[in-house]
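> Please find one structure pasted underneath; my questions will follow.
The values are calculated or read from the model by the stated rules, or taken from the named source; none is laboratory data. Not measured: the values here are computed from a predicted model. Cβ atoms come from the backbone with ideal geometry, glycine included; neighbour counts cover every protein chain shown.
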Amino acid sequence: MLNSILYDCIYHSAPIILCVLGGCFAYKANVLNIALEGMMLNGAFVSVLTYFLTGNMLITVVLTLLSALIYGFVFSYFGITLKGNVIVIGLALNMVALAIAGFVLVLMDSANIIIQNFDLNALKIHIPLIENIPVIGHMISGHPIITYLSFVMIFLMYILMYKTKFGVYVRVVGENEEAAKSIGIKTSFYKYAAVLIGAIGCALAGMNLSLERLGLFTNNMTASRGFIAIAAIYCGQGKPVQSAIYAILFGLARSLSVNLSIFAGNAAGLFDCIPYLVMMVVLSMASYIKHKPIKERGYKVNE
């Protein structure tokens, strides 16, 4: 059972990590991207539908990324250029993604899209030597490429955010937009770029969740992972490494809920609450630590 929990922890963490890493840039640019859920659902839908129709993985990847960028541009245009309410816009895009997928499923007269004769094992990468190590080998080896990419991207996004001029400008725009404008930084460009990075991350997350893992799509299969990603971003204050750690924590909670429910019988449904309970507890603790009185942190205050 321990092997299953650890393997599933990586399994369930990967799509959340990808959403988190993309959303971190929007967070640092002071743009709250509520549309992460819809962008991920769109990635899951478009990837399975495209492969179902074409059978070509390259076309599938390209169209999935392009569709995600369209969502990113729409969100950015209404939220950044027209200065609309980003929460309302994000929620609207979430509903649009859900509605489009549902409409296509009705046209296909099916509750889901299943890719027949799709060899999921062919997409899994078994790492030599490591896969023979007890416990660790089973946890690390045997995942598809996007799962490994999600963990590699933690460090790539850290470098992009903190070691490049682009990352510095994104953070400057988020911390003080007027100051950024005064020194000639094109703030709208960096906000757009931050949102589009998030859209690409969500597209990969959706593809990992549906095509790579299951070879099928069913509507609303993202099951609020985008909102969990927002919670992880908030807890990690938009820092790629810290936010990814919270994403892994939520992935572990999901893994526990799935594996424990196997032995729960009729009460199995109760364990589906575990990830959301963990999210509530972690958010509460993070909020308390962030806002607790200065005296409690050990600092001296002149009275």
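> Among the residues of the stretch 31-81, write down those that are under 24 Å from residue 106 (Cα atoms), in contact with a helix residue (DSSP H, G or I) (Cβ under 7 Å, 6 or more places away or on another chain) and assigned to a loop (DSSP other than H, G, I, E, B).
Hit for the stretch 31-81 is 35, nothing else.
> With the stretch 94-213 as the region, which helices (runs of 4 or more DSSP H) entirely inside it contain at least 1 residues that are among the polar types (S, T, N, Q)?
145-162, 177-182, 187-207
> Let me ask something else. Could you check residue 105 against (1) more than 20 Å from the chain's Cα centre (by Cα); (2) buried (at least 18 other Cβ atoms within 10 Å of the Cβ); (3) closer than 30 Å to residue 134 by Cα and say which number it fails?
(3)
> Separate question: Would the stretch 282-290 turn up any residue that is modelled with pLDDT of 65 or more, in contact with a Ser or Thr (Cβ under 6 Å, 6 or more places away or on another chain) and buried (at least 18 other Cβ atoms within 10 Å of the Cβ)? Please lay out each step first, then the result.
From the stretch 282-290, those modelled with pLDDT of 65 or more are 282-290; that's our starting set.
In the following step, the residues that additionally are in contact with a Ser or Thr (Cβ under 6 Å, 6 or more places away or on another chain) were identified as none.
Looking for residues that are modelled with pLDDT of 65 or more, in contact with a Ser or Thr (Cβ under 6 Å, 6 or more places away or on another chain) and buried (at least 18 other Cβ atoms within 10 Å of the Cβ), one finds none in the stretch 282-290, hence no.
> Only one of 231, 205, 244 is under 11 Å from the mean Cα position of the chain (by Cα), at pLDDT below 90 and of a type in the set (Gly, Ala, Ser); which? Lay out the reasoning, then the answer.
Numbers: 205 fails: at pLDDT below 90; 244 fails: at pLDDT below 90.
Result of the check over 231, 205, 244: 231.
> While we're on this one: Quick one: is residue 53 of a type outside the set (Val, Ile, Thr), more than 13 Å from the chain's Cα centre (by Cα) and at pLDDT below 95?
For residue 53, the condition - of a type outside the set (Val, Ile, Thr), more than 13 Å from the chain's Cα centre (by Cα) and at pLDDT below 95 - is met.
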